[in-house]
Amino acid sequence: MSTDDSGTAVDPAVLETADDIASMEIRGAATIADAAAAALATQARHSSAETPAAFRDQLRAAAKTLYETRPTAVSLPNALRFVLRGMDGEIVPELRESTVARAETFRSDLEQAQTNLGEIGANRLRDGDVVLTHCHSTDALACIEAALEDGKSLEAIVKETRPRKQGHITARQLREWGVPVTLIVDNAARRYLDEADHVLVGADSIAADGSVINKIGTSGLAVNARERGVPVMVAAQTIKLHPDTMTGHTIEIENRDEDEVLPPEERTDVAVDSADDGLTVENPAFDVTPPRHVDAIVTEHGQFPPESIVTLMRELFGETTGEPWEV
Ligand SMILES: O=C(COP(=O)(O)O)[C@H](O)[C@H](O)COP(=O)(O)O
């Protein structure tokens, strides 16, 4: 066990999961949520706490460690909050059992939600359609998978998605399913929209006004799609809904390391000398697509016009939330 800032023991397996999320070994909003719930279950199983208070402190410290990895995907705090709210019991073994059970419920609900969402999203895809994708989203792919299972044949235009090239993961998955794939650089997207019937993306967070926060480049793609008349479909389970935005909070956009954009070995191609302080490299990982550029948000509860998502958000999360470990 190592300790967090307050001196509370956090299990090494939790620290490893946190590192993997920060370094993007584990990535994508749903996968991050699943890994975080699994890590809390591990913390509960391995806990050597002797009192209920110490057990609760350890679980909260683990949740905080996981929360501080990446700021944008709200599925992470939503997952942590869901698991911690299920921590129930008078003695440590009861607390352990309830926490592990709650984490397992979260993980199986997540899987089921994605399957249900996929079936709903598949209804928007017709036989022979061409789908243009950005980044790698398991929710978006679930829609394609369900359409293929319905016997529809689809083709995909896959944006590479600089700087981390998550489009390669999407392309590989689609090829494994037998879908013909055209891989393009991000800059070619507008040209290829003429050949697409849908833009299909996932989401890291959805704000109360229906804005969609997803991989950088989504908003430009959506604007171009609107101009070309191609519908934009966002596949997002309800754990992507950001309840804090109901009270006006904005969503933090993660800025990642500049080396992802300009690796150190290429820096000399651009910088005039080693101390070139006139050169700035920025690497925002996500952007905000306004609701007017989105046609439908597909969730496990049905599809919604973005402007009406706040009703579902209120129903599922109530009015306020607070920090995930303050439950
Ligand atoms: O923007 C990304 C991933 O960004 P990163 O690679 O930086 O994590 C994905 O579109 C969403 O997370 C949804 O994914 P999913 O549908 O799998 O939750």
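The values are calculated or read from the model by the stated rules, or taken from the named source; none is laboratory data. All of these numbers come straight from a predicted model, not from anything done at the bench. Heads up, the Cβs are rebuilt from the backbone with ideal geometry, glycines too, and the neighbour counts pull from every protein chain shown.
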Inset, instruction - Take Leu316 and decide whether it is assigned to a loop (DSSP other than H, G, I, E, B) and surrounded by fewer than 18 Cβ atoms within 10 Å (Cβ to Cβ). - result: no
Legend entry - Residue tally, condition touching a Ser or Thr at 6+ places or on another chain (Cβ under 6 Å) and not in a helix (DSSP H, G or I), over the stretch 157-188: 2
Legend entry - Per-region count, the stretch 37-67, residues within 16 Å of the ligand (Cβ to nearest atom) and either free of Cβ contacts under 8 Å to residues at least 60 places away in the same chain or more than 30 Å from Ala285 (Cβ to Cβ) (or both): 1
Inset, instruction - Look through the stretch 223-243, keep the residues that are farther than 23 Å from Gln114 by Cα and of a type outside the set (Val, Ile, Thr), and return whichever of them is nearest to the ligand (Cβ to nearest atom). - result: Ala225
Inset, instruction - Check off (1) crowded, with 23+ Cβ neighbours inside 10 Å; (2) over 12 Å from the mean Cα position of the chain (by Cα); (3) closer than 16 Å to Glu323 by Cα; (4) not hydroxyl-bearing (Ser, Thr, Tyr) for Val74 and give me the number that stays unchecked. - result: (2)
Inset, instruction - Would you point out the residue of the stretch 193-222, among those that are away from the ligand (no atom under 16 Å from the Cβ) and surrounded by 17 or more Cβ atoms within 10 Å (Cβ to Cβ), that is nearest to Ala156 (Cα to Cα)? - result: Ala196
Inset, instruction - Given the conditions (1) closer than 13 Å to Ala13 by Cα; (2) in contact with a Ser or Thr (Cβ under 8 Å, 6 or more places away or on another chain); (3) hydroxyl-bearing (Ser, Thr, Tyr), report the number of the one that Thr65 does not fulfil. - result: (2)
Inset, instruction - Select from the stretch 144-173 the residues that are under 30 Å from Glu260 (Cα atoms) and small (Gly, Ala, Ser) and list them in ascending order. - result: Ala156, Gly167, Ala171
Legend entry - Residue that is within 16 Å of the ligand (Cβ to nearest atom), more than 29 Å from Cys143 (Cα to Cα) and free of Cβ contacts under 8 Å to residues at least 12 places away in the same chain, where the choices are Asp276, Asp259: Asp259
Inset, instruction - Would you list the strands (runs of 3 or more DSSP E) that sit entirely within the stretch 189-254 and hold 2 or more residues that are assigned by TED's automatic domain parsing to the domain that holds Lys165, among the aliphatic types (A, V, I, L, M) and over 19 Å from Leu76 (Cβ atoms)? - result: 198-201, 232-235
Legend entry - Val298 being assigned to a helix (DSSP H, G or I), closer than 24 Å to Ile157 by Cβ, modelled with pLDDT of 95 or more and among the hydrophobic types (A, V, I, L, M, F, W, C): no
Inset, instruction - Check Ala49, Ala54, Ala101, Ala73 and return the single one that is over 25 Å from Ala22 (Cβ atoms) and assigned to a loop (DSSP other than H, G, I, E, B). - result: Ala49
Inset, instruction - Assess whether Ala142 counts as being assigned to a helix (DSSP H, G or I), farther than 18 Å from Asp295 by Cα, small (Gly, Ala, Ser) and within 11 Å of the ligand (Cβ to nearest atom). - result: yes
Legend entry - Pairs, first touching a residue at least 12 places away in the same chain (Cβ under 8 Å) and closer than 11 Å to Gln166 by Cβ in the stretch 128-141, second more than 9 Å from the ligand (Cβ to nearest atom) and assigned to a helix (DSSP H, G or I), C-beta under 6 Å, six or more apart: Thr133/Thr170; His134/Leu221; His136/Thr170
